Amino acid sequence: MSGKFITFEGVDGAGKSTHLHGFVEALRARGVDVVLTREPGGTPLGEQLRELVLHQSMHMDTEAMLMFAARVEHIEQVIKPALARGAWVVSDRFSDASFAYQGGGRGMDIARLEALERWACGDFRPDLTLLFDIPVEVAKARLADAREPDKFEREQAGFFQRVRSAYLDRARQQPQRFAVIDAVQTLEQVRAQVQAVLDRL
Ligand code: TMP
């Protein structure tokens with residue numbers, strides 16, 4: 001595999017999706033073949049599973065298994081083939097979101113998530129993860145004027161505090177893979193941070 005696999009993560013309302021598009025455009029401007037994708041989703045079946053997990057209430061184990069089921073399709077049908085032909089893959093969320101939302105937010109046992117990850121992903125991991133970090137109150141305020149909230153976006157502040165902490169714990173545990181972006185800053189300042197990460201690649 002010669003391409004790079006880059007993921008964007010953060011609590012809902014952190015602004016990652018806004019910056020993801022600029023990041024991809026900047027890579028393309030440098031002549032890189034980029035596949036932009038997302039989770040849950042990224043394949044026809046994955047998008048159907050996305051509809052279910054974002055809008056149906058279900059046991060947290062079911063939720064976690066559906067996230068990883070969609071991920072298997074995504075890895076095998078989209079991500080690995082793209083990397084194999086030398087493209088770079090940029091994904092709006094990946095496994096770290098399962099550790100943050102199902103692990104941190106819902107309180108699912110991390111060892112069980114690690115077992116699912118081993119099963120679904122083997123030792124396949126992103127080369128780089130940009131974590132958009134923001135206090136939960138700021139993220140909530142930004143979300144307030146956005147689209148109709150999905151199941152996760154309707155969760156209480158405590159849920160998002162746990163999601164944020166879980167993300168930051170992972171970033172601390174794997175500093176070589178994570179770039180933590182301070183997403184509280186202005187759009188321009190955040191863009192500059194993202195640009196700096198791109199320049200280092
Ligand atoms: P999005 O709004 O960034 O597209 O993400 C959809 C929601 O799905 C978001 O609230 C986070 C959640 N999610 C999980 O709970 N677990 C996962 O593994 C993934 C990929 C997303």
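The values are calculated or read from the model by the stated rules, or taken from the named source; none is laboratory data. Quick caveat: nothing in here was measured; it's all calculated off a predicted structure. Here the Cβ positions follow ideal geometry from the backbone for every residue, glycine too, while neighbour counts run over all protein chains shown. Ligands, DNA and RNA are stripped out before the accessible areas are found, and what is left, the full protein with its side chains, is counted by its heavy atoms. Shrake-Rupley method; radii C 1.70, N 1.55, O 1.52, S 1.80 Å.
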Asserting the computed 222 nm helical MRE of the chain (DSSP H runs at least 4 long, -39500 (n - 2.57) per run, divided by residue count, to nearest 500) equals -15000 deg cm²/dmol
At each listed q (0.15 Å⁻¹), what is the log10 of I(q)/I(0) that the Debye formula gives for the stretch 1-58 modelled as equal alpha-carbon point scatterers? -0.59
Euclidean distance of C-alpha centroids, the stretch 1-78 and the stretch 81-148, integer Å: 8
Express the accessible area of the stretch 38-165 per residue in Å², computed with a 1.4 Å probe while the remaining protein chains stay in the model. 46
In the stretch 1-106, carbon and sulfur make up what percent of the accessible area (probe 1.4 Å)? 53
List the residues whose amide H sits under 5 Å from the amide H of G10, counting only those 5 or more places along or on another chain, with H placed 1.01 Å from N in the peptide plane. F132
Compute the Cα gyration tensor for the stretch 72-201, then decide on rounded, prolate or oblate, letting a ≥ b ≥ c be the square roots of its eigenvalues: rounded whenever a/c is under 1.5, prolate when a/b is larger than b/c in the other cases, and oblate in all that remain. oblate
Ranked by GNM mean-square fluctuation in the chain (Cα springs under 10 Å), the top entry among R118, R38, R162 is R118
Please give, to one decimal in nm, the separation of the simple spin-label points placed at E137 and Q176, each 7 Å out from Cα toward the Cβ. 3.9
Nitroxide proxy distance, nm - points 7 Å out along Cα→Cβ at F124 and D169: 2.6
How high is the FRET efficiency between L187 and R154 when r is their beta carbon distance and R₀ equals 30 Å, given to the nearest 0.05? 0.70
Stretch T18-Q195 to full length: gain in nm at 0.36 nm per residue minus the Cα-Cα span? 62.4 nm
Among 74-81, 88-95, 135-142, 105-112, what's the highest-first ranking by average C-beta atoms within 10 angstrom per residue? 88-95, 74-81, 135-142, 105-112
Pick out which of A97, A146, A64 has the largest mean-square fluctuation in a Gaussian network model of the chain, springs linking Cα atoms closer than 10 Å. A146
